[in-house]
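The values are calculated or read from the model by the stated rules, or taken from the named source; none is laboratory data. Computed from a prediction, not measured in an experiment: that's the story for all the values here. In this analysis, Cβ positions are derived from the backbone assuming ideal geometry, glycine residues included, and neighbour counts consider all displayed protein chains.
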């Protein structure tokens with residue numbers, strides 16, 4: 001089996017960090033390039049919670065999330081991926097499951113490593129993970145983080 005490219009979709013939550021040891025181990029064994037993917041969900045289709053958000057506020061919020069994600073991915077790369085032979089970070093906007101599936105195709109990914117649930121981790125299997133597993137044309141390794149009952153995955 002050849003694993004030249006590994007995709008690790010992360011929402012940067014404690015739950016999603018449970019996949020990191022698997023990503024590092026597999027990348028080390030296969031000499032794989034690692035793609036860290038964070039998807040900024042499009043908020044324009046959501047109902048406003050307190051009045052209208054307005055395009056200007058949505059754009060500013062989106063830009064803030066992108067910048068924050070880029071900074072956190074950079075820190076993650078510096079602190080935890082130095083043992084990885086190669087890594088790339090991607091910050092994309094849109095529907096998370098669709099962007100993960102699109103990235104698999106666009107980057108010719110060999111293996112996807114993700115957790116069974118992320119930020120909204122109250123159910124045994126998250127909707128994004130389920131959609132990726134059901135629709136991915138490549139193997140998907142699903143890591144179930146230890147649950148502590150508080151939705152954080154019990155990781156520190």
Next item on the list: Kindly list, by first and then second residue, each pair from a residue in region 132-156 that is more than 10 Å from residue 14 (Cβ to Cβ) to a residue that is in a loop (DSSP other than H, G, I, E, B) and modelled with pLDDT of 95 or more, limited to pairs with Cβ atoms under 6 Å and residues at least 6 apart or on different chains.
Entry: 138/109
Notebook entry, point to check: Does residue 20 meet the test of being in a helix (DSSP H, G or I), closer than 16 Å to residue 111 by Cα and at pLDDT 90 or above?
Noted result: yes
Note to self: Given the criteria touching a helix residue (DSSP H, G or I) at 6+ places or on another chain (Cβ under 7 Å) and at pLDDT 85 or above, does residue 131 qualify?
What the structure shows: yes
Next item on the list: Just give me the residues in region 23-47 being at pLDDT 90 or above, part of a loop (DSSP other than H, G, I, E, B) and out of contact with any strand residue (DSSP E or B) (no Cβ under 6 Å at 6 or more places or on another chain), in sequence order.
Entry: 31
Item checked: Within region 65-112, tally of residues that are loosely packed, with under 15 Cβ neighbours inside 10 Å, at pLDDT below 95, within 20 Å of residue 141 (Cβ to Cβ) and in contact with a strand residue (DSSP E or B) (Cβ under 7 Å, 6 or more places away or on another chain) -> 2
